[in-house]
Amino acid sequence: MQISRADFTDPRLSAFLQAHLDDMEPTAPPESRHALDLSALQQPHVRLWVSTEGEDLVGTAALAGLEAHHEELKSMRTEPRLRGRGVASRLLAHVLDDARSRGVERVSLETGSMEFFAPARAFYARAGFVPCPPFGDYADDPLSTFMTLGLRPPPRR
């Protein structure tokens, strides 16, 4: 599996991200869905990575700057047929390593509170994320769960 920065001209990426948005659509009303579309992921404060196996795009993850030393995990998605094979774990480790290397001290996320998102909440909890209040521009929403992870600086060599 290879992880690299996203190529926004790759048609596989737009299809993969649209499938992510389509997955989210039935889970909550529009005001409670916070997934970013292709154009929002191209903003200067966002860094998007893709995971590929051979010719297949199998995962995405992004970090969006919130304030100094605090970023938000966005667009975390694994190709559904490959879930449970470590794609998300490797992507998450990669983006957290990137954040640490740039001096980010905290990464937070918003995910759904419904049963559909239970596997995601469990995954993030296993990675050390803990519940937190809304952050950034988010407001309290019973359909959202907010989580955060404090990052240790990278070890000195």
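Quick check on residue 113: is it among the hydroxyl-bearing types (Ser, Thr, Tyr), under 21 Å from residue 21 (Cα atoms) and within 15 Å of the chain's Cα centre (by Cα)? Here the answer is no, as residue 113 does not meet what is asked. Among residues of region 105-122 that are touching a residue at least 24 places away in the same chain (Cβ under 8 Å), those with a beta-carbon under 6 Å from a residue that is assigned to a helix (DSSP H, G or I) and aliphatic (A, V, I, L, M) at least six positions away or on a different chain give the pairs 107/99; 111/120. Taken together, the residues in region 38-56 that are surrounded by 18 or more Cβ atoms within 10 Å (Cβ to Cβ) and either hydroxyl-bearing (Ser, Thr, Tyr) or at pLDDT below 95 (or both) amount to 2.
Residue by residue through region 54-96, note down the ones that are β-branched (Val, Ile, Thr) and in contact (Cβ under 8 Å) with a residue 40 or more places away in the chain. Step through it out loud before you land on a result.
If we filter region 54-96 for residues that are β-branched (Val, Ile, Thr), which is where we start, we get 58, 60, 78, 87, 95.
Listed by number, the residues that qualify are 58, 60, 87, 95.
Could you figure out which of (1) among the β-branched types (Val, Ile, Thr); (2) within 19 Å of residue 136 (Cα to Cα); (3) touching a Phe, Trp or Tyr at 6+ places or on another chain (Cβ under 6 Å) isn't true of residue 46? Against the list (1) among the β-branched types (Val, Ile, Thr); (2) within 19 Å of residue 136 (Cα to Cα); (3) touching a Phe, Trp or Tyr at 6+ places or on another chain (Cβ under 6 Å), residue 46 comes up short only on (3).
Kindly check whether there is at least one residue in region 11-18 that is of a type in the set (D, E, K, R), at pLDDT 90 or above and closer than 13 Å to residue 91 by Cα. Taking every residue of region 11-18 in turn, none turns out to be of a type in the set (D, E, K, R), at pLDDT 90 or above and closer than 13 Å to residue 91 by Cα. Of all residues in region 17-24, one or more are part of a helix (DSSP H, G or I) and in contact with a His (Cβ under 9 Å, 6 or more places away or on another chain).
Scanning for something acidic (Asp, Glu), under 23 Å from residue 5 (Cα atoms) and modelled with pLDDT under 95, does region 74-95 turn up at least one residue?
Step one: list which residues in region 74-95 are acidic (Asp, Glu), which gives 79.
Checking the rest, the ones that are also under 23 Å from residue 5 (Cα atoms) come to 79.
Still in the list and also modelled with pLDDT under 95: 79.
Yes - at least one qualifying residue is present in region 74-95.
Taking region 116-129 as the search range and keeping residues that are under 15 Å from the mean Cα position of the chain (by Cα) and hydrophobic (A, V, I, L, M, F, W, C), which one is nearest to residue 85 (Cα to Cα)? Only one residue fits best here, namely 123. The listed residues are 88, 99, and the only one of them that is among the aliphatic types (A, V, I, L, M), under 12 Å from the mean Cα position of the chain (by Cα) and under 20 Å from residue 148 (Cα atoms) turns out to be 88.
Taken together, 35, 62 contain a single residue that is surrounded by 17 or more Cβ atoms within 10 Å (Cβ to Cβ), within 11 Å of the chain's Cα centre (by Cα) and at pLDDT below 95, which is 35.
The values are calculated or read from the model by the stated rules, or taken from the named source; none is laboratory data. These numbers were taken from a predicted model, which means no experiment stands behind them. Neighbour counts are summed over all protein chains in view; Cβ atoms, including those assigned to glycine, are modelled from backbone coordinates with ideal geometry.
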